[in-house]
Structure formats: C-alpha cells, structure tokens
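The values are calculated or read from the model by the stated rules, or taken from the named source; none is laboratory data. It should be emphasised that the depicted structure is a prediction, and the values quoted were computed from it without experimental measurement. Neighbour counts run over all protein chains shown; Cβ positions are idealised from the backbone, glycine included. For accessibility, only protein heavy atoms count, side chains too; no ligands or nucleic acids. Shrake-Rupley method; radii C 1.70, N 1.55, O 1.52, S 1.80 Å.
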Amino acid sequence: MELAYYSDYAVRLVNTEEPARNKDSLTTVESVRDLFGANAQAARRATDADVTRFRSVRGRLRAVFQAADSGDETLAVDLLNSLLLEFPVSPQVSGHDTRDADGKPDWHMHLADHPSNATAGFAAIAAMGLAFHLTSHGVDRLGLCEAAPCRNAYLDTSTNRSRRYCSDRCATRANVAAYRARKRQETLRTEDTGRSADTTQPSTPSTDR
C-alpha cells in the first residue's frame, strides 16, 4: 500500500463536517467506524468515547487545510507537526497476501494501527499520510473547496496545480453560479447604457407657426 493512500484518511475525516451548512455526520460510533473503510479490525476498536476524540482531531486537521489554503505554509506545517508528535506512527514492511508476477510477496511500506484506541490509530495514519502528501507535492496541494458554502477539504493531484473544488458537482455548481452572475452584470450594463442614451438624447425644438 502506498503511503500516499493514507492522506485520504485526513480528507475523509475533515469532510464529515460542513460548518457553513451546520452539518455534522460524525455523531455515532457507527459513523466513526465507517471512516476506517475496509480496515475492519481497527474499526472494531471504536467506542462511543471516540466520537468526541475524532471531532477534536477533525478540527485540528481542518486547521491544517485552512492554513494551507490561505497560503500560510509555516502554520500548516507547524499544526501538522503537532499532530505527528502527539500521534506517532509505527511503520512496517508488509506483504499481506499479495504476490508479484514471480509469486513473491509484494513488499511495501505499511503504517501499523496504534494499539491504544481507535482515535489514536486513525489520527496517526491521517497525519502521516497528509505529511507524506505535503512533503511530496507541496503545501499548496492542500485546499478547501471554493464553491461556497461547501469548503470541503481536498488534495490537489492535478498536473498544473489548478484544482479549486472538492468535486465535479461543486465545480459545475460554481461555474453555473459564475455564468449567471456574468449574465446579470451584462443585463445591468445594457440597462444602464440604455438609460444613459435616453438622458443624453437631444430634444427636438418646437416649430413656431
């Protein structure tokens, strides 16, 4: 498993909340377990206490994305380093059950789950994955969706660093909104031009008979 895969842990957790819409899907232990995806063993360790702990980590991860999105690279790195110090990872070489073309184990780096509790394990993996993405691709590759009021987190993997939205849906919605705004401005300019023309039209003098 590539270490870059783990950066998605951070995105999934941050996007369980939409502050501008006052929405929060991280409300039960089941919602916590869902974040682990296929990692059922780690998910089983989650308890009701992890709901609050996960929310705390979520806020700190969102702060990393916010700092990166605003261009404050130093703050983003400092915030991420504080998470890495608090939630250390245990790297391991793993082959699982996968084999290459010659039948040999497909050895790769794997981040082992922290044994203490579900939050510590998830936070360690999310922070390390995000750190790997940041150092490999740059702080400016961490962003928050520009389609208000969304503000979901995303990782920019585009070749020209052009991503601005978390999804195609938000990109389409933003483009439609921008188009409608342009049309309104064009209509207003046309109306203003018409009014200006009316006020500057010379009056026809009356003819005395």
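In this structure segment 84-183 gives 57 Å² per residue of accessible area when probed at 1.4 Å with all protein chains present.
Let me know the shape class of segment 68-132, please: from the alpha-carbon gyration tensor, a ≥ b ≥ c as square roots of the eigenvalues, rounded when a/c is under 1.5, otherwise prolate if a/b is greater than b/c, or oblate. Note, shape of segment 68-132 comes out oblate. The packing ranking, built from the mean of other Cβ atoms within 10 Å per residue, places the peptides 15-28, 66-79 in the order 66-79, 15-28, highest first. 3J(HN,Hα) along segment 170-183, derived from phi through the Karplus expression 6.51 cos²θ - 1.76 cosθ + 1.60 where θ = phi - 60°, amounts to 5, 4, 5, 4, 5, 5, 5, 5, 5, 4, 5, 5, 5, 5 Hz, with x in place of Gly and Pro. Simple spin-label estimate for Val176 and Met109 gives 4.3 nm between the two label positions (7 Å along the Cα-to-Cβ direction from each Cα). Over segment 26-173, the pair-distance histogram of Cα-Cα distances with 5 Å bins from zero comes to 2, 9, 15, 17, 18, 17, 13, 6, 3, 1, 0 percent, rounded to whole numbers.
Extension gain for Ser167-Thr27 works out to 48.0 nm (0.36 nm per residue, less the C-alpha to C-alpha distance).
Per-residue extension of 0.36 nm, minus the Cα-Cα distance of Ser90 and Ser56, leaves a gain of 10.0 nm for this segment.
Note on exposure: Asp192, Asp50 ranked by accessible area (1.4 Å probe, complete protein assembly) read Asp192, Asp50, with the most exposed listed first. Rounded to 0.05, the FRET efficiency of the Thr190 and Glu146 pair, given R0 = 30 Å and the Cβ-Cβ distance, is 0.55. Taking a virtual spin label 7 Å from the Cα of Asp156 along the C-beta vector, which residues in segment 42-76 bring their backbone nitrogen under 16 Å of it? Once the point is set 7 Å along Cα→Cβ of Asp156, 65-74, 76 turn out to lie under 16 Å by backbone N, inside segment 42-76.
The Cys residues in the chain with no partner Cys Cβ within less than 4.7 Å of their Cβ are Cys170. Please work out the Cα center distance from segment 1-80 to segment 147-190, rounded to the nearest Å. So the separation of the two Cα centres works out to 25 Å. Apolar share of the accessible surface for the chain: 50 percent from carbon plus sulfur atoms, 1.4 Å probe.
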